[in-house]
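Worksheet: the structure to be examined is printed underneath.
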């Protein structure tokens, strides 16, 4: 069975500072990887995804993530955050042998302070 | 607007009421999902429908009853709920194969009183 670990439940950061949200997964087969963002009282919105090819993936709102197969990680980064980036961020993994199912991490709350 | 529409956005119901949550998508997707999101808990997958057949039921209490009449619509029928069922209920859809991930609705905020 696959699992997804987001090590940090909360990440406080000052506006315009860089940020990295960590995601590690366990799977013995190839995977698709996703990051979602959830603003208060809304559903989850896809930020970016890795399917294959270049390990550096760029998404919306200036976010990017890097797939590292040897470390089974898919960390999310942004070089300079804005107040509006305050939200919950979820990492998700789809095991390519497991049908449609995505496995979600527990989420990381990014809190951007002025 | 994501393409997945959930109604109502907010619902307050008593423990003896019967209500239904509705989810609709016109993205051409053929798999639909119900998730429960409670405060300070991970997302909980409740039900999965693929090509209108239920393929996953994660030990959800029988007071939650899903219905998928066609590939565009998904319902969650609720009856005799408990206060601990108060949560944000999220619907999502995808194509079988899931290369594009899921598209989520905005959710229904349910409060059981």
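For segment A:12-65, which fully contained strands (runs of 3 or more DSSP E) count at least 3 residues that are crowded, with 21+ Cβ neighbours inside 10 Å?
A:31-38
Name every residue in segment A:59-111 that is in contact (Cβ under 8 Å) with a residue 40 or more places away in the chain, more than 14 Å from chain B (Cβ to nearest Cβ) and out of contact with any strand residue (DSSP E or B) (no Cβ under 6 Å at 6 or more places or on another chain), in order of residue number.
If the condition is that a residue be in contact (Cβ under 8 Å) with a residue 40 or more places away in the chain, more than 14 Å from chain B (Cβ to nearest Cβ) and out of contact with any strand residue (DSSP E or B) (no Cβ under 6 Å at 6 or more places or on another chain), then A:71, A:79, A:80, A:82 are the ones that fit.
When you go through B:12, B:60, B:55 one by one, which is the residue that is under 13 Å from the mean Cα position of the chain (by Cα) and either closer than 26 Å to residue A:105 by Cα or in contact (Cβ under 8 Å) with a residue 60 or more places away in the chain (or both)?
B:60
Name the single residue, out of those in segment B:74-113 being loosely packed, with under 14 Cβ neighbours inside 10 Å and more than 12 Å from every other protein chain (Cβ to nearest Cβ), that is farthest from residue A:52 (Cα to Cα).
Ranking the candidates gives B:113 first.
Given A:68, A:95, A:61, which one is more than 10 Å from the chain's Cα centre (by Cα) and under 30 Å from residue B:54 (Cα atoms)?
A:95
Do you know which residues across segment B:33-52 are touching a residue at least 40 places away in the same chain (Cβ under 8 Å) and at the interface with chain A (Cβ under 10 Å from one of its Cβ atoms)?
Across segment B:33-52, the qualifying residues are B:33, B:35, B:37, B:43, B:50.
The rows are residues; the columns are (1) surrounded by 14 or more Cβ atoms within 10 Å (Cβ to Cβ); (2) in contact with a helix residue (DSSP H, G or I) (Cβ under 7 Å, 6 or more places away or on another chain); (3) within 14 Å of another protein chain (Cβ to nearest Cβ); (4) under 15 Å from residue B:103 (Cβ atoms).
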{"site": "B:15", "(1), (2), (3), (4)": "no, no, no, no"}
{"site": "B:29", "(1), (2), (3), (4)": "yes, no, yes, yes"}
{"site": "B:58", "(1), (2), (3), (4)": "no, no, yes, no"}
{"site": "B:64", "(1), (2), (3), (4)": "yes, no, no, no"}
{"site": "B:72", "(1), (2), (3), (4)": "yes, no, no, yes"}
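Quick note: the coordinates plus some simple rules give every number you see, no bench work behind them. Worth saying up front: this structure is predicted, and the values here are computed from it rather than measured. Note: ideal-geometry Cβ built from the backbone for every residue, glycine included; neighbour counts use all protein chains shown.
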